[in-house]
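Chemist: After the structure tokens below, expect a handful of questions from me.
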Amino acid sequence: MFNKVLIANRGEIALRIIRACRELNVKTVAVYSDVDRDSLHVAMADEAVCIGPAQSRASYLNVKSIMAAAEIADADAIHPGYGFLAENEDFAAICEESGFKFIGPSSKHIGMMGNKSAAKDAMKKFGVPVVPGSDGSVADVKEGLEIAKQIGFPVIIKAAAGGGGKGMRVAHNEMSFLNAFEMARAEGANAFGSDEVYIEKFIEEPRHVEIQVFGDGKGKGLHFFERECSIQRRHQKLLEEAPSTGISQATRKKMGDTSVQAVQALQYENAGTIEYLVDKYENFYFMEMNTRIQVEHPVTEMMTNIDLLQLQLRIAAGEPLELKQEDIRIVGHAIECRINAEDPETFRPCPGTISGYNTPGGFGTRVDSACYDGYTVLPYYDSMIAKLIVFGKNREMAIARMKRALDEFVVEGIKTTIPLHKRILDHHAFIKGEISTAFIERYF
Ligand code: MV4
């Protein structure tokens, strides 16, 4: 196991990593920006190094500064968490070259999955079902229109360098295609510096179901079943649960086995998530692969009673992966609510100082947060202030427990999305498990 790990992140995920390290007797180094001096991740780590001013570009995204901190502190590995540098191919390569173990997949796999069109080609080759569409990227609007007519409208045009919903346009007919194509291209060029686009059949009102996977980098792969992530707004997830109410046991097995097949063929190392769109007939199609530990990993931890951060550290340290697929079982139902410092009606960020704070507790209740009474939510970073995760014997119990826990959660001084979560949990369609990616827009 490592002697010392540097955590290239802040907030709740930095705490989550520090906790896993402590339990494995690994020393920790926090990094922080000028305005994060009083943060919990700084207080909880064994050592802390300031890496620059508030703006992420100058601190948490500042590769030179972070590498210098790793040198000074004499760390032997770097955990990137999620966001910031977690899926930066160059950063992973620099870690590899400078002799710091990057706790995640190889830079090669990060790069491969970063190009959504290339990722799709690779997955297709490994036998993963993909949405019918163009064979790789399309050269121009003329070729694009031919392909669109072949697959039939509606189609969706996606920027190859995009992801998470950016640089996507739907076209319902030939006329709107021309405009949609150029819009997706321009958005890709502007936002990601690449105007490469590809085309797919548009799946209406799909569910977003993702499979948690792990690989040992030598061809052994495992899956930890699915997370249902359809409750989102503008591609920001609000609430996640596991298992999904929308798939049968047979589909669950097929999705798990297919995902493991891909992980093994790739010789993928460490944690990954394979995102699928699921239509009303339970057809599932590969969308993207995330090459990081995700925000919503706790629902899988609670559902399976397995510590995924510990697994990440063990795999990165080169320990043999002794866990067997048969040992990974669904032992109940878990739900996570992302509590954001936002107006629950307009979703506008609402930074400020917390003047009163009480976190829920009790059986089956978990709060992953770096907040405390008197903490100031800063405008420079993401507005998520806490994740409330509950576990229950079944979905009904988990919903009841989440409602109870949300009632106990007090955050004063700033607006939060707690009231929105209460409304979602009381909604008849949610209670019946009748959800899709259209849920929030339809009902809220
Ligand atoms: C789609 C789709 C329908 N058909 N692709 C959005 C995020 C990006 N990862 C892919 N996305 C979608 N791709 C086809 N062929 C619908 C979406 C989509 C979506 C996906 C997951 C979660 C929420 C979503 C909200 C709107 C659209």
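Chemist: Examine the range 69-80 for a residue that is surrounded by fewer than 17 Cβ atoms within 10 Å (Cβ to Cβ), β-branched (Val, Ile, Thr) and more than 23 Å from Gly114 (Cβ to Cβ), and state whether such a residue exists.
Modeler: Yes, the range 69-80 contains a residue that is surrounded by fewer than 17 Cβ atoms within 10 Å (Cβ to Cβ), β-branched (Val, Ile, Thr) and more than 23 Å from Gly114 (Cβ to Cβ).
Chemist: Anything in the range 435-444 that is assigned to a loop (DSSP other than H, G, I, E, B) and of a type outside the set (A, V, I, L, M, F, W, C)? List them, or say none.
Modeler: Listed by number, the residues that qualify are Ser436, Thr437.
Chemist: Return the pairs, sorted by first residue and then second, in which the second residue is basic (Lys, Arg), the first residue lies in the range 104-118 and is assigned to a helix (DSSP H, G or I), the beta carbons are less than 7 Å apart, and the residues are 6+ apart or on different chains.
Modeler: Cβ pairs passing all conditions: Lys116/Lys158.
Chemist: Please go through the range 293-324 and pick out each residue that is more than 13 Å from the ligand (Cβ to nearest atom), among the charged types (D, E, K, R) and within 21 Å of Ser244 (Cα to Cα).
Modeler: Glu301, Asp307 - these are the residues of the range 293-324 that are more than 13 Å from the ligand (Cβ to nearest atom), among the charged types (D, E, K, R) and within 21 Å of Ser244 (Cα to Cα).
Chemist: State yes or no: is Ile157 surrounded by 22 or more Cβ atoms within 10 Å (Cβ to Cβ), at negative phi and more than 13 Å from the ligand (Cβ to nearest atom)?
Modeler: no
Chemist: While we're here: In the list Ala92, Ala119, Ala75, Ala54, which residue meets the criterion of being among the aliphatic types (A, V, I, L, M) and closer than 27 Å to Pro379 by Cβ?
Modeler: That would be Ala54, the only listed residue that is among the aliphatic types (A, V, I, L, M) and closer than 27 Å to Pro379 by Cβ.
Chemist: Now for a different question. Output the number of residues of the range 188-242 satisfying the condition of being more than 9 Å from the ligand (Cβ to nearest atom) and among the hydroxyl-bearing types (Ser, Thr, Tyr).
Modeler: Qualifying residue count, the range 188-242: 2.
Chemist: Moving on to the next point. Scan the range 56-91 residue by residue and report those that are among the polar types (S, T, N, Q), within 22 Å of the chain's Cα centre (by Cα) and assigned to a helix (DSSP H, G or I).
Modeler: If the condition is that a residue be among the polar types (S, T, N, Q), within 22 Å of the chain's Cα centre (by Cα) and assigned to a helix (DSSP H, G or I), then Ser56 is the only one that fits.
Chemist: To continue, here is another question. Go through (1) outside any loop (DSSP other than H, G, I, E, B); (2) more than 30 Å from Leu61 (Cα to Cα); (3) under 25 Å from the mean Cα position of the chain (by Cα) for Gln150 and report which single condition fails.
Modeler: In the conditions (1) outside any loop (DSSP other than H, G, I, E, B); (2) more than 30 Å from Leu61 (Cα to Cα); (3) under 25 Å from the mean Cα position of the chain (by Cα), Gln150 misses (3) alone.
Chemist: Limited to the range 119-147, what total is found for residues that are more than 24 Å from the chain's Cα centre (by Cα), assigned to a helix (DSSP H, G or I) and either within 12 Å of the ligand (Cβ to nearest atom) or under 25 Å from Thr258 (Cα atoms) (or both)?
Modeler: 1
Chemist: Continuing with the same structure: Checking Glu275 against (1) closer than 29 Å to Glu89 by Cα; (2) more than 16 Å from the ligand (Cβ to nearest atom), which test does it fail?
Modeler: Going through (1) closer than 29 Å to Glu89 by Cα; (2) more than 16 Å from the ligand (Cβ to nearest atom) one by one, Glu275 breaks only (2).
Chemist: Turning to a different aspect of this structure: Consider Lys101 against the criteria (1) within 16 Å of the ligand (Cβ to nearest atom); (2) surrounded by 15 or more Cβ atoms within 10 Å (Cβ to Cβ): it satisfies all of them except one. Which criterion is unmet?
Modeler: All conditions pass for Lys101, except number (1).
Chemist: Enumerate the strands (runs of 3 or more DSSP E) found wholly within the range 340-434, keeping only those where 2 or more residues are without any contact (Cβ under 8 Å) to a residue 24 or more places away in the chain, surrounded by fewer than 17 Cβ atoms within 10 Å (Cβ to Cβ) and within 24 Å of the chain's Cα centre (by Cα).
Modeler: none
Chemist: Okay, moving on. When the range 243-258 is examined, which residues are found to be more than 16 Å from the ligand (Cβ to nearest atom) and either over 22 Å from Ile389 (Cα atoms) or surrounded by 23 or more Cβ atoms within 10 Å (Cβ to Cβ) (or both)?
Modeler: Across the range 243-258, the qualifying residues are Ser248, Gln249, Ala250, Thr251, Arg252, Lys253, Lys254, Gly256, Asp257, Thr258.
Chemist: State yes or no: is Ala30 in contact with a Leu (Cβ under 6 Å, 6 or more places away or on another chain) and surrounded by 17 or more Cβ atoms within 10 Å (Cβ to Cβ)?
Modeler: Judged against the criteria, Ala30 is not a match.
No lab work stands behind these numbers, since they all come straight from the coordinates. Just so it is clear, the structure is predicted and the values come from calculations on it, not from any experiment. Positions of Cβ are generated from backbone atoms using ideal geometry, with glycine treated the same way; all protein chains shown enter the neighbour counts.
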